Amino acid sequence: MNARWLSRFLEAIQAERDASRNTLLSYGRDLRDFSAFLEDRGETLASATRAHVEGYLGDLADRGMAQATRARRLSAIRQLYRLAFLEGWRTDDPAALIRGPKRARRLPGNLSEADVDRLLDATATVARTEAEALRNTCLMQLLYATGLRVSELVALPVAGVRGDPRMILVRGKGGRERMVPLSPPAREALALWLARRDRDEAAAQKSGKPRSAFLFPARGRKGHMTREAFFVLVKQLAAVAGLDPAGVSPHTLRHAFATHLLANGADLRVIQTLLGHASIATTEIYTHVLDARLRALVLEKHPLATDGAALEDGAAQSHNGLG
C-alpha cells in the first residue's frame, strides 16, 4: 500500500512540475522515512491520523533533526496527503491543519568582489592541461556573469552558445526558460574554450567518438560535467585563492552575483528574473545581506561611532520608541 502511494505521488510530481531527479530522490527519502515510522506502529499512509503525523514530527525532533529538515519533511507529507485527498485515495487530509517548525531565515554566505577576482585568477592554476585551464575559466566566468544554478551551468547545450551571443537561453526549474546576458569577460572565456573544445572534439571524432551536445562534455553517464565535479573544482580554486573552502561553493558565487548586482543599483525584479526565482520573496533575502553590510559600514565609518557600541545602542533605543 505505502509503496504504491509513494510511486504514484512521485509520478504526479514529475508530470506536474517536471521535477529533477534530485528533487524526486529527496521526496522519496523523506516520505519513505515517514512510511517506515508508520509501519513500525502498525499503520499505513491510508490509515494514518493527524496524531501520527504530529508524532512523527516529534520523533524527528527527538532524533536531533534540524528545524529545516523537519519543515521540509512536513511539506512533503502535506503534498502527499493533498494529492491523496484530491485523487480520492482518502476522504480527509490529516496533515492539512498541522503547523510545522518555521524555517530559520538564513542569510546566504557572500563573497566580496575582491574575493571573486581572486577565484577567477586561480582558474588557470587548478588545471593539468591548457584545455582544463580554458574550461575552468569559462565555467567560473559564466557562473559569476549569469548567476546560473550549478545544474543549469554544467548542462548548457553547446548549440545555445555559438555565434558569440550577448545573451543565452537557460532552462531552469520546472522547465521555465529565461534569457541571461553575458559579460565581455564571460564572452571572451566562452570563445576561447569553445574553440579548444571543438578542436579536441574533432580530433576525438576521427577515433570514432560521438559528438557531444554539451558545452562541458564529460565521459560519464550524463555526458556532461557533473555537479559534484564542479563543486570539488570550486573548493580547489578557493584553497588556491587563499579563501576558506568551507565558505565557498558554486551557490556562494550565485549569491555573490545577486548581491553585487543589488549593491551596484540593479532592480530586485531584474535580479529575480536573472536568477530564475518564481517568487520575489526568494530574491528579497539579498536585501537583508545588504542591510547587514550597510549597518556594519555605518558602525565602522560614522564619525560618532567611536567604538560602535554607542551608535548601536542609540539605534536600538530609537527602534523601540525610546529615542
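Okay, which of region 175-208 sit inside 17 Å, backbone N to the point 7 Å along the Cα-Cβ direction of L169?
What the label zone holds, given the 17 Å backbone N cut-off, is 175-182.
Determine the per residue accessible area of the chain with all protein chains present and a 1.4 angstrom probe, expressed in square angstrom.
Spelled out: the 1.4 Å probe surface of the chain, per residue, equals 56 Å².
Please find the FRET efficiency linking A66 to D198, where r is the Cβ-Cβ separation and R0 is fixed at 41 Å, and quote it to the nearest 0.05.
0.35
Taking a quarter of the surface of the convex hull around the Cα atoms of region 122-194, what do you get in nm²?
Computed as one quarter of the Cα hull surface, the answer is 4.7 nm².
After finding the eigenvalues of the alpha carbon gyration tensor for region 1-124, what semi-axes result from the square roots of 5 times each, listed largest first in whole Å?
Equivalent ellipsoid semi-axes, largest first: 35, 18, 13 Å.
How large is the charge dipole for the chain, taken about the Cα centre, if only the Cβ atoms of Lys, Arg (+1) and Asp, Glu (-1) carry charge, to the nearest 20 debye?
1140 debye
For D244 paired with A46, estimate the spin-label separation in nm (one decimal), with each label point 7 Å from Cα along the Cα-to-Cβ line.
Simple spin-label model gives 5.3 nm for this pair.
Among all the aspartates and glutamates, which ones have a C-alpha under 15 Å from K222's C-alpha, if same-chain residues fewer than 8 places away are not counted?
E152
Using a 1.4 angstrom probe on the protein heavy atoms only, could you order R21, R254, R128 from most to least accessible area?
My answer, sorted largest first, is R128, R21, R254.
Using a basic spin-label model with each label point 7 Å from the Cα along Cα→Cβ, how many nm lie between F231 and T282?
Taking the simple label geometry, F231 and T282 are separated by 1.9 nm.
Going out from 0 in 10 Å bins, what whole percent of all Cα-Cα distances in the chain drops into each bin?
Answer for the chain: a P(r) of 5, 19, 24, 22, 18, 10, 1, 0 percent.
Rounded to the nearest 500, what is the 222 nm mean residue ellipticity of the chain from helices alone, with -39500 (n - 2.57) per DSSP H run of 4+ residues and division by all residues?
Calculated mean residue ellipticity at 222 nm is -19000 deg cm²/dmol.
In the chain, what percent of the accessible surface is made up of carbon and sulfur (1.4 Å probe, ligands and nucleic acids excluded)?
53 percent
Mind giving me the FRET efficiency for A263 and T91? R0 is 56 Å, r the Cβ-Cβ distance, nearest 0.05 is fine.
0.60
If R70, R29, R17 are ordered by their accessible area, calculated over protein heavy atoms with a 1.4 Å probe, which sequence runs from highest to lowest?
Per-residue accessible area, sorted high to low, gives R29, R17, R70.
Starting at 0 and stepping by 5 Å, how many percent of the alpha carbon pairs of region 1-55 end up in each bin?
4, 19, 28, 20, 16, 10, 3
For A191 and T125, what is the calculated FRET efficiency with R₀ set at 22 Å and r taken between the beta-carbons, to the nearest 0.05?
For R0 = 22 Å, the calculated efficiency reads 0.55.
Eigenvalues of the Cα gyration tensor times 5, then square-rooted: what semi-axes does that give for region 53-172, in whole angstrom, largest first?
One finds semi-axes of 44, 21, 12 Å for region 53-172.
The values are calculated or read from the model by the stated rules, or taken from the named source; none is laboratory data. Here the structure is a predicted model, which is why all the values come from computation and not from measurement. Because the Cβ atoms are built from the backbone with ideal geometry, glycine has one as well, and the counts that use them run over all protein chains shown. Ligands, DNA and RNA are stripped out before the accessible areas are found, and what is left, the full protein with its side chains, is counted by its heavy atoms. Shrake-Rupley method; radii C 1.70, N 1.55, O 1.52, S 1.80 Å.
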